[in-house]
Amino acid sequence: DAKTTQPPSMDCAEGRAANLPCNHSTISGNEYVYWYRQIHSQGPQYIIHGLKNNETNEMASLIITEDRKSSTLILPHATLRDTAVYYCIARNTGGFKTIFGAGTRLFVKA
Amino acid sequence: NAGVTQTPKFQVLKTGQSMTLQCAQDMNHEYMSWYRQDPGMGLRLIHYSVGAGITDQGEVPNGYNVSRSTTEDFPLRLLSAAPSQTSVYFCASSYSSLAGGQGDTQYFGPGTRLTVL
């Protein structure tokens, strides 16, 4: 699975969009991009995933660049409850292992 | 559904003791895995299983054993606890292990906080 790189921390004002970047420049054609988040010390929670098209669900939007070397998770209207560590993961269709990096710690401020 | 459950929630061991962390899921998921998370760090994969009777090693398997005799349960055994194994342990499960489908979404338990003195 490709290595992903994320900024260690970011701030966002409550009510504004939070844009979390992820670099996966060595991603291969059959690798999906997944996003999870971990609130405080709870178990991680799935947010969204995609292969090459942009995706949207009730939690967030995922924008993947055309060359697939990077992606952005968008929380459209961040709330204080979105303060968490966000993990970007690349996984291939035949892979059994999910490798988590250090993630981005997002602070949403009132 | 109870989802993924883990017991105990907290545990303190002395160096050299052994114990088993329990993990169970009631979603009929094939894929289960164990992670550890050290303070301020991301999760690291210890062992995983793609079905009953099938297990394999992750990134940091040394000092841990697993078995999968049923679909529902995936216990993690610490053979001889060491202070370096002080960590929070998370169990996760998903319907399948193949990336791409919604069935690949992993569901995590609440964690077991282990301290080895």
Name every residue in the stretch A:55-64 that is loosely packed, with under 13 Cβ neighbours inside 10 Å and more than 12 Å from every other protein chain (Cβ to nearest Cβ), in order of residue number. A:Glu58
Can you tell me which residue in the stretch B:14-32 is surrounded by the fewest Cβ atoms within 10 Å (Cβ to Cβ), limited to those that are part of a strand (DSSP E or B) and in contact with a Ser or Thr (Cβ under 7 Å, 6 or more places away or on another chain)? B:Gln22
Filter the stretch A:41-53 down to residues that are exposed (fewer than 13 other Cβ atoms within 10 Å of the Cβ) and either in contact with a Leu (Cβ under 8 Å, 6 or more places away or on another chain) or within 11 Å of another protein chain (Cβ to nearest Cβ) (or both), then give me how many there are. 1
Which condition does A:Ser71 not pass, out of (1) assigned to a loop (DSSP other than H, G, I, E, B); (2) away from chain B (no Cβ under 14 Å), if it passes all the others? (1)
What number of residues within the stretch B:66-109 are closer than 15 Å to B:Ala2 by Cα, surrounded by fewer than 17 Cβ atoms within 10 Å (Cβ to Cβ) and at pLDDT below 95? 0
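So that you can scan it fast, the table gives a plain yes or no per residue for (1) more than 25 Å from A:His40 (Cβ to Cβ); (2) of a type in the set (Lys, Arg):
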site: B:Lys14; (1), (2): yes, yes
site: B:Ala24; (1), (2): no, no
site: B:Ile46; (1), (2): no, no
site: B:Ala52; (1), (2): yes, no
site: B:Asp56; (1), (2): yes, no
Per the list (1) among the small types (Gly, Ala, Ser); (2) buried (at least 16 other Cβ atoms within 10 Å of the Cβ); (3) assigned to a loop (DSSP other than H, G, I, E, B), residue check on A:Gly15 breaks on (2)
Quick check on my filter: what residues within the stretch B:60-93 are more than 13 Å from the chain's Cα centre (by Cα) and either under 30 Å from A:Asn30 (Cα atoms) or within 14 Å of another protein chain (Cβ to nearest Cβ) (or both)? B:Thr71
Looking only at residues in the stretch A:32-43 that are in contact (Cβ under 8 Å) with a residue 60 or more places away in the chain and touching a His at 6+ places or on another chain (Cβ under 8 Å), which one is nearest to B:Gly40 (Cα to Cα)? A:Tyr34
Only one of B:Arg44, B:Arg68, B:Arg36 is of a type in the set (Lys, Arg), out of contact with any His (no Cβ under 8 Å at 6 or more places or on another chain) and without any contact (Cβ under 8 Å) to a residue 24 or more places away in the chain, namely B:Arg44
Breaking point among (1) in a loop (DSSP other than H, G, I, E, B); (2) more than 11 Å from chain B (Cβ to nearest Cβ), for A:Ile99: (2)
Tally time: how many residues in the stretch B:1-37 are in contact with a Cys (Cβ under 9 Å, 6 or more places away or on another chain), hydrophobic (A, V, I, L, M, F, W, C) and modelled with pLDDT of 95 or more? 5
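The values are calculated or read from the model by the stated rules, or taken from the named source; none is laboratory data. Fair warning: this is a prediction, and the values are worked out from it, not measured in the lab. All Cβ positions, glycine included, derive from the backbone under ideal geometry; neighbour counts span all protein chains shown.
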